[in-house]
1. When the helix-only estimate is applied to the chain (DSSP H runs of n ≥ 4, each -39,500 (n - 2.57), divided by the residue count), what is the mean residue ellipticity at 222 nm, nearest 500 deg cm²/dmol?
2. Could you list the chymotrypsin sites (Phe, Trp or Tyr not before Pro) in the range 236-305 that lie in coil according to DSSP, counting only those with at most 10 other Cβ atoms within 10 Å of their Cβ?
3. Could you rank the peptides 421-434, 220-233 by their average count of other C-beta atoms within 10 Å per residue, with the highest value first?
4. Could you work out what % of the accessible surface of the range 358-408 is carbon and sulfur, using a 1.4 angstrom probe and leaving DNA, RNA and ligands out of the count?
5. Taking the Cα atoms only, what angle lies between the long axis of helix 360-369 and the longest principal axis of the chain, rounded to 10 degrees?
6. Taking N as the number of residues in the range 292-363, what is its alpha-carbon radius of gyration divided by 2.2 N^0.38 Å?
7. Roughly speaking, to the nearest percent, how much of the range 1-154's 1.4 Å accessible area is carbon and sulfur?
8. Percent antiparallel among DSSP beta bridges with both residues in the chain, to the nearest 5?
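The values are calculated or read from the model by the stated rules, or taken from the named source; none is laboratory data. Worth saying up front: this structure is predicted, and the values here are computed from it rather than measured. Cβ coordinates were reconstructed from backbone atoms using ideal geometry, including for glycine residues, and neighbour counts include every protein chain displayed. Please note that ligands, DNA and RNA were not included when accessible areas were found on the heavy atoms of the full protein model with its side chains. Shrake-Rupley method; radii C 1.70, N 1.55, O 1.52, S 1.80 Å.
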Amino acid sequence: MIPRYSRKVMTDIWSQASKYRIWFEIEAHATDALAELGVVPHSAAKAIWERGARIAFDDADVERIDAIEREVKHDVIAFLTHVAETVGPESRFMHQGMTSSDVLDTTFSVQLARASDVLLAGIDGLMAAIKARALEHKFTPAIGRSHGIHAEPVTFGLKLAQAYAEFARNRERLAAARREIATCAISGAVGTFANIDPRVEAHVAAKLGLAVEPVSTQVIPRDRHAMYFATLGVIASSIERLAIEIRHLQRTEVLEAEEFFSPGQKGSSAMPHKRNPVLTENLTGLARMVRSYALPAMENVALWHERDISHSSVERYIGPDATITLDFAIARLTGVIEKLVVYPKNMRKNLDRLGGLHNSQRVLLALTQAGASREDSYRLVQRNAMKTWEQAADFLTELKADPDVMRLLTAEALDAMFDEAYHFKHVDTIFTRVFG
């Protein structure tokens with residue numbers, strides 16, 4: 001986790017204080033359930049809650065737990081020892097029939113679920129920003145490009161509508177991944193419930209807003225986590241896709257849109273004229289990092305027998321880093337979209353740059369409908385298109401000067417084929433599909 005690319009709302013979820021507080025709640029809820037089952041005294045469960053509430057899990061507590069861990073070489077034992085120092089003799093009833101993975105895995109589920117809620121809220125904000133700009137530029141004409149080359153007209157609003165639809169799919173994926181990851185395992189060593197009743201697991205799960213893990217084998221199966229982090233990688237790729245579109249549009253030769261350049265901002269240490277797309281370039285880099293966490297999550301699926309801890313060190317990295325980085329990226333992209341400077345005049349200039357060549361398909365289809373073979377139609381259109389391209393001519397003028405074309409089409413018919421509105425007649429249909 002790098003503070004430069006972090007927001008407090010997400011880093012708080014992964015703080016040591018937050019982690020230990022969840023550990024304590026799991027242990028205390030489990031003791032409550034054990035008391036209801038008659039395994040431990042009700043007075044002990046009450047004492048654990050009341051005296052444990054005095055522990056702030058602040059820096060001093062964290063330092064104390066770390067000091068104990070340096071001696072015992074076990075983080076959960078160090079935690080329980082520190083809690084016992086405050087709770088007193090009743091602490092012996094904590095962790096009855098449980099194993100460390102019950103605490104660690106269930107805590108990880110809680111943290112990932114909470115992180116998901118922050119990410120989902122962020123995606124909602126991003127989608128709202130994209131929708132507002134899409135509606136603003138619903139009919140702002142722009143040239144569409146394939147292979148980076150001028151193709152046929154689109155609108156800038158359609159570009160943003162596509163992004164909105166993509167993030168709507170991502171939201172559904174993340175909601176599904178959250179449901180899949182939000183499971184609780186309180187099943188004891190090797191997951192057989194030999195020393196703890198399954199009703200304890202059900203109680204803890206209900207208190208923490210989790211589902212019970214059907215078969216935990218001491219650890220929650222890591223296919224759940226693999227799917228979760230893969231989903232984060234897909235969302236990151238969608239962020240990069242939109243970021244790259246903005247970066248291309250900001251190129252000097254295009255300049256159809258650009259990131260907001262604030263007063264006093266500097267673009268280059270050497271060249272005072274520069275206005276660089278630094279935010280979207282940063283998003284490309286952050287997306288690479290989030291995607292990189294998906295692979296180790298997949299490699300964590302294959303653990304030895306009922307469990308090993310080869311996944312543990314991986315998840316101490318990727319849990320915080322992936323969610324914190326993606327949260328920051330979503331917030332940054334939202335700001336970019338909200339403040340994006342759009343240049344409709346430059347879009348018009350670029351649209352007209354090739355002298356009407358973007359209408360070539362309409363002419364091709366009209367020639368075939370007029371009786372020419374597709375091969376001959378293509379040849380006629382292409383030879384006039386190449387003249388337009390190479391001589392900076394006007395496509396419509398070249399077509400009208402071609403006797404082979406004019407034997408099949410009238411001048412009036414050709415004029416009609418260069419009506420720009422033709423390309424936008426279904427924009428409303430697309431927007432209805434996307435936005436309802």
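1. Numbers: 19 runs with 277 residues, N = 436.
Per the formula, -20500 deg cm²/dmol.
2. 304
3. The packing order, highest mean first, is 220-233, 421-434.
4. Answer for the range 358-408: carbon and sulfur cover 49 percent of the accessible area.
5. Here the helix axis deviates by roughly 60 degrees.
6. Scaled against compact globular proteins, the figure is 2.16.
7. For the range 1-154, the apolar C and S fraction of the accessible surface comes to 53 percent.
8. The antiparallel fraction comes to roughly 80 percent.
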